[in-house]
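Taking it in order: structure first as structure tokens, then the write-up.
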Amino acid sequence: MIFPELKIIENDSFEDYRGELFTVYKEEDWDINFNHDKVAISRKNVLRGLHGDSRSWKLITCLHGEIYLVVVDNRTDSENYLKWDSVVLTDKNKKSVLVPPMFANGHLVLSEEATFFYKWSYSGKYPDVDEQFTLKWDDPSIGINWPIDNPILSRRDKKLENDRNK
């Protein structure tokens with residue numbers, strides 16, 4: 001990752017004849033107080049994001065399948081403003097990525113189905129859509145190299161497409 005503010009965690013796992021066990025989060029390993037968990041289950045070619053906000057941290061893990069995670073620096077005063085980086089998260093590599101406030105994240109499902117899990121940390125009430133920013137997934141000023149040309153998008157992300165074409 002090009003951003004020193006991001007942290008990639010290589011989660012250890014234990015395997016035996018029954019299957020596999022791994023830990024994503026232990027409170028004593030973090031200075032961040034996570035207070036909200038979310039799960040998104042999506043099918044192949046679904047692209048969710050790019051979304052972020054000014055006050056939440058997100059610890060992102062792919063529990064099942066494979067996703068192409070993209071993170072964009074949205075801090076206008078940063079030398080990395082609108083630069084992006086990506087990492088593939090899978091249930092096999094067990095990586096997690098910690099995304100700080102003012103960074104957008106989005107992911108594309110590469111496998112037939114994927115389970116995207118993220119822990120949130122924020123103060124006050126949940127920063128819902130009205131407090132979030134959204135970046136256009138294929139904004140040419142960002143220039144993300146997505147491995148797809150025509151993803152499945154939400155109404156929220158399609159609205160950006162329609163707004164751009166006005």
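The values are calculated or read from the model by the stated rules, or taken from the named source; none is laboratory data. All values reported here derive from a predicted model rather than from experimental measurement. Cβ coordinates were reconstructed from backbone atoms using ideal geometry, including for glycine residues, and neighbour counts include every protein chain displayed. Heads up: the accessible areas ignore ligands, DNA and RNA and are worked out on the full protein's heavy atoms, side chains in. Shrake-Rupley method; radii C 1.70, N 1.55, O 1.52, S 1.80 Å.
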Inset, instruction - Rounded to the nearest 500, what is the 222 nm mean residue ellipticity of the chain from helices alone, with -39500 (n - 2.57) per DSSP H run of 4+ residues and division by all residues? - result: -2000 deg cm²/dmol
Legend entry - Residue-normalised accessible area of the stretch 1-68, given per residue in Å² at a 1.4 Å probe: 63 Å²
Legend entry - Cα shape, the stretch 49-143, gyration tensor, a/c 1.5 rule: oblate
Legend entry - Tensor-based shape of the stretch 21-88 (alpha-carbon gyration tensor, a/c under 1.5 rounded, otherwise prolate or oblate): oblate
Legend entry - Within the stretch 1-74: Cβ-based charge dipole about Cα centre, in debye rounded to nearest 20 (Lys, Arg +1; Asp, Glu -1): 560 debye
Inset, instruction - In debye, nearest 20, what is the charge dipole magnitude of the stretch 107-146 about its Cα centre with +1 on Lys and Arg Cβ and -1 on Asp and Glu Cβ, if you could check? - result: 200 debye
Inset, instruction - Can you grab the distance from the C-alpha centre of the stretch 108-160 to the C-alpha centre of the stretch 1-72, Å, no decimals? - result: 14 Å
Inset, instruction - Within 10 Å, count the other beta carbons around each residue, average over each peptide in 94-107, 136-149, 70-83, and list them highest first. - result: 94-107, 70-83, 136-149
Legend entry - Positive minus negative residues near Trp120 (Lys, Arg vs Asp, Glu; Cβ under 9 Å): +2
Inset, instruction - Would you kindly compute the Cα radius of gyration of the stretch 63-111 and its largest Cα-Cα separation (Dmax), both in Å? - result: 12.1, 37
Inset, instruction - Taking the Cα atoms of the chain, report the difference between the largest and smallest coordinate on each principal axis, in whole Å and largest first. - result: 57, 35, 29
